[in-house]
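Take a look at the structure set out below.
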Amino acid sequence: MPRIRAIEAQPFETPLHGVFVTSRGSSDKARGVAVLLQLDDGRTVRGESVPASYVTGETRETVLETVQQVGPTLIGMDVSDYAGPIAHIERLAPHQPSARCGMEMAIFLAWSLVHGMSLRRLWGGASSQCETDITIPLVPEAGALAAQAWQRGIRFLKVKVGQSDQEGDLQRVREVHRAAPEALLRLDANQGFLPDEALRFVDTLLNESIPIQLLEQPVAKEDVAGLCYVAQRCPVPVFADESCRTRQEGLRLADTPVHGFNLKINKCGIQGTLDLIAIGRAAGKRLMLGCMLETSHSIAVSAAIACGTGAFEFLDLDGHLLLKEPQKSAAFYAEGGKIQLMDNGATPLFEGERR
């Protein structure tokens with residue numbers, strides 16, 4: 001069976017269509033690490049890591065360091081059984097989920113290549129299509145972006161809020177609603193509110209008949225009591241994002257009023273995401289699958305999780321819509337908010353390359 005011959009980590013940058021601003025900062029490009037895994041038969045697969053330091057504490061530099069430390073210990077491992085290498089990665093990098101994501105992605109794609117089975121089929125094969133929102137950042141042209149998204153066929157808009165100027169936040173959500181009045185809105189505060197501020201914010205918008213589907217991570221990630229306080233009183237579902245990164249945090253939130261989890265492969269790792277799906281389902285939580293500023297290559301893997309498991313009510317897999325990539329992944333076809341995986345359930349999601 002094919003074994004791992006070499007692993008190489010390379011930094012990469014991909015420009016965005018516009019500046020992406022949240023309550024945690026701004027960026028004009030995605031900064032990640034490519035993990036290139038070569039098998040002893042010459043085929044190569046690519047994993048990717050896109051860390052967000054405010055979420056996991058990782059940076060591109062720490063991801064490079066982690067891959068450089070863990071990668072050599074994987075050489076010689078058999079990828080026909082992914083469980084061994086995946087468990088090995090977690091033992092050596094238990095607190096580096098974004099770095100794990102890049103290496104795990106390469107392992108899973110190598111397994112897919114070796115067995116001729118798509119990741120969607122590996123993870124259940126529930127569907128081949130899903131539908132994502134697009135994120136509207138904290139920018140003055142939010143209304144124009146919403147109108148463009150609606151014209152492109154995107155029916156769900158995730159609006160960033162949580163800046164210190166709450167009236168400015170409210171006005172921006174109103175502008176988004178006016179620009180796309182039939183769109184369903186999802187609010188993401190990125191930890192920007194105090195508990196009562198979050199409740200007043202949502203109440204104000206609902207009183208104006210603005211359709212809010214959910215509120216994501218309204219308070220600081222450490223303030224689980226505040227998150228539960230908002231969830232108990234908020235008239236729309238409240239989702240944990242930065243407060244739900246690990247299995248342990250998922251278990252802690254399982255028996256609370258929090259309505260749902262937003263999972264991400266760069267926040268939880270791929271295997272961690274799969275385990276948190278099981279925890280969320282067992283606890284009766286609603287599930288959302290999100291992303292960092294990830295390329296279409298990574299989005300395709302998350303889409304395979306979403307389509308394979310059929311576990312997610314809400315999707316925020318919009319990296320391919322936000323990035324100016326020189327070449328999009330051929331693993332899926334996108335039209336508006338729809339993502340159609342191009343595998344047929346019996347072939348790999350990605351073709352390997354020979355070097």
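The values are calculated or read from the model by the stated rules, or taken from the named source; none is laboratory data. Every value quoted in this text rests on a predicted model; they were computed, and no experiment measured them. Cβ: placed from backbone, ideal geometry, glycine included. Neighbour counts: every protein chain shown. We work out accessible area using only protein heavy atoms, side chains counted, and drop any ligands, DNA or RNA first. Shrake-Rupley method; radii C 1.70, N 1.55, O 1.52, S 1.80 Å.
Within the option set ALA330, ALA300, ALA334, ALA346, being surrounded by fewer than 22 Cβ atoms within 10 Å (Cβ to Cβ) and modelled with pLDDT of 95 or more holds for one residue only, ALA334. Whether any residue in segment 97-107 is modelled with pLDDT of 95 or more, touching a Phe, Trp or Tyr at 6+ places or on another chain (Cβ under 9 Å) and of a type outside the set (Gly, Ala, Ser) is what I want to check. Yes, segment 97-107 has at least one match. Could you please let me know if LEU64 is touching a residue at least 40 places away in the same chain (Cβ under 8 Å) and farther than 27 Å from CYS244 by Cβ? Here the answer is no, as LEU64 does not meet what is asked. Considering the conditions (1) open to solvent by 10 Å² or more (accessible area, probe 1.4 Å); (2) within 18 Å of CYS101 (Cβ to Cβ); (3) hydrophobic (A, V, I, L, M, F, W, C), CYS268 is excluded by exactly one of them, (1). Residues that are open to solvent by less than 20 Å² (accessible area, probe 1.4 Å) and assigned to a helix (DSSP H, G or I) within segment 175-189 comprise just one, VAL176. Against the list (1) in contact with an Asp or Glu (Cβ under 9 Å, 6 or more places away or on another chain); (2) surrounded by fewer than 24 Cβ atoms within 10 Å (Cβ to Cβ); (3) not small (Gly, Ala, Ser), the condition LEU289 fails is (2).
Could you tell me which of the residues ARG200, ARG233, ARG172 is out of contact with any Leu (no Cβ under 7 Å at 6 or more places or on another chain), modelled with pLDDT of 95 or more and open to solvent by 40 Å² or more (accessible area, probe 1.4 Å)? So the residue among ARG200, ARG233, ARG172 that is out of contact with any Leu (no Cβ under 7 Å at 6 or more places or on another chain), modelled with pLDDT of 95 or more and open to solvent by 40 Å² or more (accessible area, probe 1.4 Å) is ARG200. Residues that are more than 27 Å from ALA147 (Cβ to Cβ) and among the polar types (S, T, N, Q) do not occur anywhere in segment 206-219.
Restricting attention to segment 168-205, the residues that are under 23 Å from ALA147 (Cα atoms) and of a type in the set (D, E, K, R) total 8.
Under the condition of being open to solvent by 40 Å² or more (accessible area, probe 1.4 Å) and among the aliphatic types (A, V, I, L, M), the residues counted in segment 115-134 number 3. Number of residues in segment 199-235 that are touching a strand residue (DSSP E or B) at 6+ places or on another chain (Cβ under 8 Å) and closer than 13 Å to VAL258 by Cβ equals 9. Give me the residue from segment 246-260 that is under 19 Å from GLU313 (Cα atoms) and out of contact with any strand residue (DSSP E or B) (no Cβ under 7 Å at 6 or more places or on another chain) and, out of that set, most open to solvent (accessible area, probe 1.4 Å). By that ranking, first place goes to PRO257. The set of residues in segment 309-338 being part of a loop (DSSP other than H, G, I, E, B) and within 15 Å of the chain's Cα centre (by Cα) consists of ALA311, PHE312, GLU313, ASP316, LEU317, ASP318. Looking across segment 206-221 at every residue that is part of a loop (DSSP other than H, G, I, E, B) and touching a residue at least 24 places away in the same chain (Cβ under 8 Å), the one that is farthest from TYR54 (Cα to Cα) is identified as GLU208. Taking the condition in contact with a Ser or Thr (Cβ under 6 Å, 6 or more places away or on another chain) and either in contact (Cβ under 8 Å) with a residue 60 or more places away in the chain or not polar (S, T, N, Q) (or both), does ALA99 pass? Answer is yes for this residue. If the condition is being surrounded by fewer than 17 Cβ atoms within 10 Å (Cβ to Cβ), within 16 Å of PHE193 (Cβ to Cβ) and of a type in the set (Asp, Glu), then segment 135-169 contributes ASP165, GLU167. If you go through segment 204-223 and keep only what is open to solvent by 20 Å² or more (accessible area, probe 1.4 Å), over 21 Å from ASP316 (Cα atoms) and out of contact with any Pro (no Cβ under 7 Å at 6 or more places or on another chain), you end up with THR204, ASN207, GLU208, SER209, GLU222, ASP223. The set of residues in segment 272-286 that are surrounded by fewer than 22 Cβ atoms within 10 Å (Cβ to Cβ) and among the small types (Gly, Ala, Ser) comprises ALA278, ALA282, ALA283, GLY284.
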